[in-house]
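Everything on this sheet refers to the single structure shown next.
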Amino acid sequence: MATAMVAAPLGFAAFALAHVTLFHLRPVKRRSQAILGLFAAAVVTVALTVMTFAGVLAAMYATVLMGTAFVLYMPFYYTIDTSVSVRTMLELAASPSGLTREELVARYHLEWMVRRRLETMTVNGYLVQMDERFTVTPRGRLVARVFGAVKTVAHLGPGG
């Protein structure tokens, strides 16, 4: 198990470094697919390496460790990538004299935010655009059902 406990964090670190490097060096349209592809490559590499040196059980343990790290990493990444609050704080921190409410509102056009969200969901296969209308794909419908059920159980109500 010691092999798995060393290999999994190293493999996850390699994945995170590859993720940051790829997204830094070139624009990535299908971000979710790129992240999942990099992660899958890291998991397979680590699992095969650990299995070779420590056996199947250790490889399974390493895979679970990497999966756990991934579950913790992704909300962190998406918070940085898509959070209006994070963007607002960064812009305020970069402004020596601060910004007024009106200046901030002017920077965050609802149209810009909705357009970005629709583009992301379309590229990732959750929506399809026909003329000016968007519709949910079967994949998007599945995700909507899952999150709808979670929101119902947690009594979260409408909204994002």
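Points to keep in mind about this one:
- Screening V105 with (1) among the β-branched types (V, I, T); (2) assigned to a helix (DSSP H, G or I); (3) under 23 Å from the mean Cα position of the chain (by Cα) gives one miss only, at (3).
This table checks each residue for (1) open to solvent by less than 70 Å² (accessible area, probe 1.4 Å); (2) without any contact (Cβ under 8 Å) to a residue 24 or more places away in the chain; (3) in contact with a Ser or Thr (Cβ under 9 Å, 6 or more places away or on another chain); (4) assigned to a helix (DSSP H, G or I).
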| residue | (1), (2), (3), (4) |
| --- | --- |
| V50 | yes, no, yes, yes |
| V71 | no, yes, no, yes |
| V86 | yes, yes, yes, yes |
| E91 | yes, yes, no, yes |
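Residue-by-condition table, conditions (1) loosely packed, with under 12 Cβ neighbours inside 10 Å; (2) at pLDDT 85 or above; (3) within 18 Å of S32 (Cα to Cα):
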residue: Y77; (1), (2), (3): no, yes, yes
residue: L104; (1), (2), (3): no, yes, no
residue: T120; (1), (2), (3): no, yes, yes
residue: R133; (1), (2), (3): yes, yes, no
residue: K151; (1), (2), (3): no, yes, no
residue: G159; (1), (2), (3): yes, no, no
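- Any hit, the range 22-45, residues being exposed (fewer than 15 other Cβ atoms within 10 Å of the Cβ), in contact (Cβ under 8 Å) with a residue 12 or more places away in the chain and under 14 Å from A59 (Cα atoms): yes
Conditions (1) without any contact (Cβ under 8 Å) to a residue 40 or more places away in the chain; (2) out of contact with any Asp or Glu (no Cβ under 8 Å at 6 or more places or on another chain); (3) aromatic (F, W, Y), marked per residue:
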position: G55; (1), (2), (3): yes, yes, no
position: A59; (1), (2), (3): no, yes, no
position: M66; (1), (2), (3): no, yes, no
position: L99; (1), (2), (3): yes, no, no
position: G125; (1), (2), (3): yes, yes, no
position: G140; (1), (2), (3): yes, yes, no
position: V143; (1), (2), (3): yes, yes, no
position: K151; (1), (2), (3): yes, yes, no
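The values are calculated or read from the model by the stated rules, or taken from the named source; none is laboratory data. In this text, all values refer to a predicted model and were calculated from it rather than measured experimentally. With ideal geometry, Cβ positions are generated from the backbone for all residues, glycine too; neighbour counts draw on all protein chains shown. These area figures cover heavy atoms from the full protein model, side chains too; ligands, DNA and RNA do not enter into them. Shrake-Rupley method; radii C 1.70, N 1.55, O 1.52, S 1.80 Å.
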